[in-house]
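Written out below as structure tokens is the structure these notes cover.
The values are calculated or read from the model by the stated rules, or taken from the named source; none is laboratory data. Source: prediction; values computed, not measured. Backbone-built Cβ (ideal geometry, glycine too); neighbour counts: all protein chains shown.
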Amino acid sequence: MIESPPPLPAGFLALIDTTLLPAWRLHSLDEHEPVQVTALPAPWQLLGCGNYAAVVTHPDYPDFVVKRYAPGRPGLAEEAGVYARLGEHPAYSRAYHVGADYLVLRRIYGKTLWQCCLDGTPITRQCVADIDAALTWASERQLNPHDVHAKNVMQRDGRGYIVDISDFYKNGECQRWSDFRKVYDWLYAPLLLDDPVPLPLWLLNTLRRGYRKLRKLFGHQR
């Protein structure tokens, strides 16, 4: 599916310890809102923020990212454990190093399926099949795939990748991907796969909010 993961460059961990961590400031005020990065030393670049952690990269090492958890937010040990169980699989990232409050991961390139819908990039059947296979791989390793949806699944060259596995250790059933698959099979593939058009943000947000309300109505929080 993709090439073999690159080796971790010599000196990269020292660069993190000496130039990144001492000057990188992030905090979380609300566990339901993205963390806030208030200071980041150049030339490190912010790639994104989740509710518990932020992800950065260095221009000299573009194939690697550092994911750091905000003070007081849990999940680092659990996420590291998930990567250890997953092992090597082309649809997942790889954890190279586990620090006191951060992970060094292989960077996954591409567009999220959410972005594909926004700009009219077709979401291929192969991409969807890749995610199905990756989730089966995780389940076979006693993991419980959670929170797999259009914003944390990526597509590159028609292939599928999962960029966030931090909830795979949780118990309980999560149907977000199976629900996405139903929409894909019943609506997207017949109507948009061969003739894709950009979908407006307001429409996607309306669908997302409606889906969330339906899940809560039927007793599903995830």
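Name the single residue, out of those in the stretch 145-155 being out of contact with any helix residue (DSSP H, G or I) (no Cβ under 7 Å at 6 or more places or on another chain) and assigned to a loop (DSSP other than H, G, I, E, B), that is farthest from Leu86 (Cα to Cα).
Within the stretch 145-155, the match that is farthest from Leu86 (Cα to Cα) is Asn152.
In this structure, is Gly160 at pLDDT 95 or above and either more than 17 Å from Thr112 (Cβ to Cβ) or surrounded by 12 or more Cβ atoms within 10 Å (Cβ to Cβ) (or both)?
Spelling it out, Gly160 is indeed at pLDDT 95 or above and either more than 17 Å from Thr112 (Cβ to Cβ) or surrounded by 12 or more Cβ atoms within 10 Å (Cβ to Cβ) (or both).
In the list Arg141, Arg125, Arg85, Arg106, which residue meets the criterion of being in contact (Cβ under 8 Å) with a residue 12 or more places away in the chain, crowded, with 16+ Cβ neighbours inside 10 Å and charged (D, E, K, R)?
Arg106
For the stretch 1-54, which residues satisfy the criterion of being more than 20 Å from Ile165 (Cβ to Cβ) and touching a helix residue (DSSP H, G or I) at 6+ places or on another chain (Cβ under 7 Å)?
Pro41, Trp44
So, Val66, is that one within 21 Å of Val35 (Cα to Cα) and outside the structural domain of Phe168 (by TED's automatic domain parsing) or not? Reasoning before the result, please.
Numbers: within 21 Å of Val35 (Cα to Cα): yes; outside the structural domain of Phe168 (by TED's automatic domain parsing): yes.
Yes; evaluated as a whole, the condition is true for this residue.
Consider Asp60 against the criteria (1) among the acidic types (Asp, Glu); (2) touching a Phe, Trp or Tyr at 6+ places or on another chain (Cβ under 8 Å); (3) more than 23 Å from Tyr169 (Cβ to Cβ): it satisfies all of them except one. Which criterion is unmet?
Going through (1) among the acidic types (Asp, Glu); (2) touching a Phe, Trp or Tyr at 6+ places or on another chain (Cβ under 8 Å); (3) more than 23 Å from Tyr169 (Cβ to Cβ) one by one, Asp60 breaks only (2).
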